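Participant: Got a structure here, written out as structure tokens. Questions coming.
The values are calculated or read from the model by the stated rules, or taken from the named source; none is laboratory data. Fair warning: this is a prediction, and the values are worked out from it, not measured in the lab. Note: ideal-geometry Cβ built from the backbone for every residue, glycine included; neighbour counts use all protein chains shown. What goes into the accessible areas is simple: the full protein's heavy atoms, side chains included, and nothing from ligands, DNA or RNA. Shrake-Rupley method; radii C 1.70, N 1.55, O 1.52, S 1.80 Å.
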Amino acid sequence: MAEAKKIKLSILDQSPVREGGTAEQALKETLQLAKLADKLGYTRFWVSEHHNSLGLAGPSPEVLIPHLAAHTQHLRIGSGGVMLPHYSALKVAENFRMLEALYPNRIDLGIGRAPGTDRKTAALLNPYNQFNEQDFVDQLINLDRYLQDGLNGSEAAEVKVTPRSATTPERWLLSSSGQSGVFAAHFGMGFSFAHFINPNGGPEMMKSYQKRFTPSAVLKEPAGNFGIFVICADTEERAKELQLSMDMLMLHIRQGKSGGVPSVEKAKAFYNDLEPDELGQVQYNRQRMVVGTPTQVKTKLDALAEAYHVDEIVVVTITYDFQDRLRSYELLAEAYGLEARG
């Protein structure tokens, strides 16, 4: 019998703001969580990019990454992700070459294509963005050239992208659909599927990526992972209580309501007044989560990792009380036997 793969755990943190809390508090909690993850033995710590959202305090991963890297020692720190259509490929390359020069072999450049916001805000971020697939492909081509010093006779051949260093950041394409998996395979990049956004079709899209993968100068074999909401607690009852806050938060996001993470008490009252269509949406959203005790969570995550045929899981945990969030990551690290560092 083949030996089971040892699962690596990573974190995607969205710097959630609780109701009644502040963005400053949320960002301090992101740093505290990164420090804990560094000690617990997590592999990566990615931070997200969201705009026009009062409930998530992270619009600029390229600003937050060096702050986190400076206060940790072992984690790979990266973007989950930079929404490339908003920006110049040259400037993104310069930002991440700078980060790689400052923190060699610790920086991940996760790239997304989605707006990370509404269309109006996206248009303000980049008035020239036509949301055109070919434009995104061209950006990926240029980004690869800028990061590899291989402009190959292009118009920008005279541009010297700095700073130059011995290493380059790892590149990942993030997606909740199959198309970016095709791009990731073509360009020889890692592929991260957002199961926490779309719970359908992910394993098939990962299989397609792995089958189509073409080795590149920076990645010789396919590298895949999937991200998922996880709530792990000491008891099943407590885990299900914490899930109610996520139920309410995700339903409000879908309804376009701007607010922070609600308390469990508020979510309980809210749950009792849901309309049938809202209950249906809650049940759908729960496919995007794994919730329970450490044993229950590990069993479900292992099954998903086998379905995706990957050995890395990116965990997203959001709770009203920050201590519940920390405890969830601690229990998960124990369940997977991560090796503590420092």
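Participant: Under the classification rounded if a/c is under 1.5, otherwise prolate if a/b is larger than b/c and oblate if not, where does the stretch 94-191 fall, given a ≥ b ≥ c as square roots of the Cα gyration tensor eigenvalues?
Facilitator: In terms of gyration-tensor shape, prolate.
Participant: Between the DSSP loop rule and a limit of at most 14 other Cβ atoms within 10 Å, which trypsin sites (Lys or Arg not before Pro) in the stretch 129-211 are left? Could the numbers behind the result be given before it?
Facilitator: Details: sites: Arg145, Lys160, Arg164, Arg171, Lys207, Lys211; in loops: Lys160, Arg164.
Within the stretch 129-211, the qualifying trypsin sites (Lys or Arg not before Pro) (loop, at most 14 other Cβ atoms within 10 Å) are Lys160, Arg164.
Participant: Please report Rg over Rh for the stretch 141-227, where both radii come from the alpha carbon positions and Rh follows the Kirkwood definition.
Facilitator: Numbers: Rg = 14.6 Å, Rh = 13.9 Å.
Answer for the stretch 141-227: 1.05.
Participant: By the gyration tensor of its Cα atoms, with a ≥ b ≥ c the square roots of the eigenvalues, what is the shape of the stretch 260-342: rounded for a/c under 1.5, prolate for a/b over b/c, or oblate? Don't skip to the answer; put the middle values down first.
Facilitator: Working: a/c = 2.96, a/b = 1.51, b/c = 1.95.
Taking the square roots of the gyration eigenvalues as a ≥ b ≥ c, the stretch 260-342 is oblate.
Participant: Got a sec to turn the phi values of the stretch 207-218 into Karplus ³J(HN,Hα) couplings, 6.51 cos²θ - 1.76 cosθ + 1.60 with θ = phi - 60°, whole Hz, x for Gly and Pro?
Facilitator: Per-residue couplings from phi come out as 4, 4, 4, 5, 6, 7, 3, 10, x, 10, 5, 10 Hz.
Participant: Moving to a separate point now. Say each of Ser216 and Glu265 gets a label point 7 Å from the Cα, pointing the same way as Cα to Cβ; how far apart are those two points in nm?
Facilitator: Distance between the two pseudo-spin positions: 5.0 nm.
Participant: From the backbone phi of the stretch 88-101, what are the Karplus-calculated ³J(HN,Hα) couplings (6.51 cos²θ - 1.76 cosθ + 1.60, θ = phi - 60°) in whole Hz, Gly and Pro given as x?
Facilitator: Running phi through 6.51 cos²θ - 1.76 cosθ + 1.60 with θ = phi - 60° gives 6, 4, 4, 5, 4, 4, 4, 4, 7, 5, 4, 4, 5, 5 Hz.
Participant: Where does the chain land at 222 nm, in deg cm²/dmol rounded to the nearest 500, when only DSSP H runs of n ≥ 4 count, each adding -39500 (n - 2.57), divided by all residues? Walk me through the numbers before you get to the answer.
Facilitator: On the way: 12 runs with 151 residues, N = 342.
After summing the helix terms and dividing by the residues of the chain, the value is -14000 deg cm²/dmol.
Participant: Could you give the alpha-carbon Rg of the stretch 1-60 over 2.2 N^0.38 Å, rounded to two decimals? Walk me through the numbers on the way to the answer.
Facilitator: Values: Rg = 14.9 Å, N = 60, 2.2 N^0.38 = 10.4 Å.
Taking the Cα Rg and dividing by 2.2 N^0.38 Å, one obtains 1.43.
Participant: Right, here's the next one. Round to the nearest 10 and give me the degree value, 0 to 90, for the angle of helix 276-285's Cα axis relative to the longest principal axis of the chain.
Facilitator: With both axes taken from Cα atoms, the answer is about 50 degrees.
Participant: Taking a 27 Å limit on the Cα-Cα distance, which of the listed pairs Lys28/Lys207; Lys8/Lys220; Lys39/Lys160; Lys35/Lys298; Lys8/Lys211; Lys28/Lys160 fall beyond it? Could you put the intermediate results ahead of the total?
Facilitator: On the way: Lys28/Lys207 38 Å; Lys8/Lys220 19 Å; Lys39/Lys160 38 Å; Lys35/Lys298 23 Å; Lys8/Lys211 22 Å; Lys28/Lys160 36 Å.
Table pairs above 27 Å Cα-Cα are Lys28/Lys207; Lys39/Lys160; Lys28/Lys160.
Participant: Amide H of Leu173: which non-local residues (sequence gap of 5 or more, or other chain) have their own amide H closer than 5 Å, using H built in the peptide plane?
Facilitator: Ile111, Gly190, Phe191, Ser192
Participant: Another question, then. Hey, could you grab the Kirkwood Rh for the chain? Inverse mean 1/r over distinct alpha carbon pairs, Å, one decimal. Walk me through the intermediate numbers first.
Facilitator: Working: mean 1/r = 0.0486 Å⁻¹.
Roughly 20.6 Å, rounded to one decimal.
Participant: Can you tell me the 0 to 90 degree angle between the C-alpha axis of helix 294-308 and the longest principal axis of the chain, rounded to 10?
Facilitator: 40 degrees
Participant: Same structure again: Could you compute the FRET efficiency for Thr295 and Ser60, with r as their C-beta to C-beta distance and R0 at 45 Å, rounded to 0.05?
Facilitator: Working: r = 38 Å, r/R0 = 0.85.
About 0.70, to the nearest 0.05.
Participant: Okay, next question. Note the angle between two axes, namely the Cα long axis of helix 322-335 and the longest principal axis of the Cα atoms of the chain, as a number of degrees from 0 to 90, rounded to the nearest 10.
Facilitator: Taking the Cα atoms of the chain, the angle to 322-335 is about 80 degrees.
Participant: Starting from the Cα coordinates of the stretch 1-108, work out the convex hull volume and express it per residue in Å³.
Facilitator: On the way: hull volume 14.9 nm³, N = 108.
Convex hull of Cα atoms, per residue: 138 Å³.
Participant: Shifting gears a bit: Between Asp149 and Glu236, how many nm apart are label points set 7 Å from Cα along the C-beta direction?
Facilitator: Distance between label points: 5.8 nm.
Participant: Solvent-accessible area per residue for the chain at a 1.4 Å probe radius, Å²?
Facilitator: Values: 15870 Å² over 342 residues.
Result: 46 Å² of accessible area for each residue.
Participant: On the accessible surface of the chain, probed at 1.4 Å, how many percent belong to carbon and sulfur atoms? Display every interim value, and only then the final one.
Facilitator: Details: 8200 of 15870 Å².
Ligands and nucleic acids excluded, carbon and sulfur reach 52 percent.
Participant: Excluding the sites themselves, what is the longest stretch of the chain that contains no chymotrypsin sites (Phe, Trp or Tyr not before Pro) in a DSSP loop with at most 15 other C-beta atoms within 10 Å?
Facilitator: Numbers: sites that count: Tyr128, Phe131.
Answer - 132-342.
Participant: Same structure, new question: Once amide H atoms are built 1.01 Å from N in the peptide plane, which residues 5 or more positions from Val316, or in another chain, come under 5 Å H to H?
Facilitator: Under 5 Å from the amide H of Val316: Leu12, Ile228, Phe229, Val230.
Participant: Output ³J(HN,Hα) for the stretch 128-133: one whole-Hz value per residue in order, computed from phi by the Karplus curve 6.51 cos²θ - 1.76 cosθ + 1.60 with θ = phi - 60°, and x for Gly and Pro.
Facilitator: Once θ is set to phi - 60°, the couplings for the stretch 128-133 become 9, 6, 9, 6, 9, 4 Hz.
Participant: Right, another one. For the stretch 141-292, what does the alpha-carbon gyration tensor say about shape, rounded, prolate or oblate, given a ≥ b ≥ c as the root eigenvalues, a/c under 1.5 as rounded, and a/b over b/c as prolate? Please report the intermediate quantities before stating the final value.
Facilitator: Values: a/c = 2.83, a/b = 2.41, b/c = 1.17.
Prolate is the answer for the stretch 141-292, as a/c is 1.5 or above and a/b outweighs b/c.
Participant: Over the stretch 202-342, what is the mean sequence separation of C-alpha contacts under 8 Å (at least six apart), divided by residue count, expressed as relative contact order in percent? Each step should come with its number before you reach the end.
Facilitator: Numbers: 162 pairs, mean separation 54.0, N = 141.
Relative contact order, the stretch 202-342: 38 percent.
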